[in-house]
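S.K.: Can you read through this structure? Questions will come right after.
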Amino acid sequence: QVQLVESGGGLVQAGGSLRLSCAASGRPFSSYAMGWFRQAPGKEREFVAVISWSGGSTLYADSVKGRFTISRDNAKNTVYLQVSSLKPEDTAVYYCAATGKYTSTWIGEYDYWGQGTQVTVSS
């Protein structure tokens with residue numbers, strides 16, 4: 001089992017930035033690729049970014065490329081999502097998740113999920 005706890009969300013104006021964190025406990029953190037997903041009201045949960053177990057490979061959704069950066073610190077069992085140049089359409093609950101699959105973008109391949117952190121972007 002892997003337990004995941006997100007933090008760092010909040011209310012921010014358009015154009016602003018936040019740093020989301022996801023702290024992991026349980027099984028060895030470095031065994032898993034880590035992803036971020038988000039879910040806006042009335043919409044399905046969607047892929048945002050993923051980072052390989054080593055941190056050497058990352059993938060991003062087209063909608064966030066160039067604005068969001070995923071990173072991880074295996075010594076601290078933590079994955080981060082730096083979100084910048086925020087837009088109102090980025091408003092959502094952001095979830096981190098762990099997968100044994102290498103940099104998967106498919107929600108169905110993630111085994112463990114956090115409870116989410118709310119990001120609200122005002123215009």
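The values are calculated or read from the model by the stated rules, or taken from the named source; none is laboratory data. Source: prediction; values computed, not measured. With ideal geometry, Cβ positions are generated from the backbone for all residues, glycine too; neighbour counts draw on all protein chains shown. Accessible surface areas use protein heavy atoms only, side chains included; no ligands, DNA or RNA. Shrake-Rupley method; radii C 1.70, N 1.55, O 1.52, S 1.80 Å.
S.K.: Sorted by accessible area (1.4 Å probe), largest first, how do 25, 84 line up?
M.R.: Ranked list, largest accessible area first: 25, 84.
S.K.: Would you mind telling me which residue in 44, 89, 109 has the biggest mean-square fluctuation in a Gaussian network model of the chain, where springs connect alpha carbons within a distance under 10 angstrom?
M.R.: 44
S.K.: So which residue, out of 11, 59, 86, gets the largest mean-square fluctuation from a GNM of the chain using Cα contacts under 10 Å as springs?
M.R.: Evaluated over the chain, the most mobile residue of the options is 11.
S.K.: So what are the ³J(HN,Hα) numbers for the stretch 100-110, from phi and the Karplus equation (6.51, -1.76, 1.60; θ = phi - 60°), rounded to whole Hz, Gly and Pro as x?
M.R.: So the Karplus estimates, Gly and Pro as x, are x, 8, 6, 6, 6, 9, 8, 4, x, 9, 9 Hz.
S.K.: Does anything in the stretch 81-117 have its amide N under 11 Å from the 7 Å Cα→Cβ label point of residue 14, and if so which residues?
M.R.: What the label zone holds, given the 11 Å backbone N cut-off, is 86-90.
S.K.: Net charge near residue 95, counting Lys/Arg +1 and Asp/Glu -1 over other residues with Cβ under 15 Å of its Cβ?
M.R.: Value of the local net charge: -3.
S.K.: In addition: Ignoring ligands and nucleic acids, what accessible area does residue 121 show with a 1.4 Å probe (Å², nearest 10)?
M.R.: For residue 121, the solvent-accessible surface is approximately 10 Å².
S.K.: Now for a separate question. Return the single residue from 79, 93, 50 with maximal mean-square fluctuation; model: Gaussian network over the chain, springs between Cα atoms under 10 Å.
M.R.: Highest fluctuation among the options: 93.
S.K.: Follow-up. How many percent of the accessible area of the chain is carbon or sulfur, using a 1.4 Å probe?
M.R.: After summing per-atom areas, the C and S share lands at 47 percent.
S.K.: Quick one: 3J(HN,Hα) in Hz for the stretch 14-24, Karplus 6.51/-1.76/1.60 with θ = phi - 60°, rounded, Gly and Pro as x.
M.R.: 3, x, x, 9, 9, 10, 8, 10, 9, 9, 10
S.K.: Evaluate Rg over Rh across the chain, taking Cα atoms for both radii and Kirkwood's formula for Rh.
M.R.: 0.94
S.K.: Something else: Please work out how many pairs of lysine residues in the chain are eight or more positions apart (or on different chains) and have Cα atoms closer than 23 angstrom.
M.R.: 5
S.K.: How much area per residue is accessible in the stretch 40-123 when the probe is 1.4 Å and only protein heavy atoms are counted (Å²)?
M.R.: 52 Å²
S.K.: While we're looking at this one, here's another question. What's the center-to-center distance, using Cα atoms, between the stretch 44-65 and the stretch 14-31 in Å?
M.R.: Cα centres, the stretch 44-65 to the stretch 14-31: 12 Å.
S.K.: If you take every DSSP beta bridge whose two residues both sit in the chain, what share of them, in percent to the nearest 5, is antiparallel?
M.R.: So the antiparallel bridges in the chain amount to around 90 percent.
S.K.: Report relative contact order for the chain in percent, whole number only (criteria: Cα-Cα under 8 Å, sequence separation at least 6).
M.R.: That works out to 36 percent.
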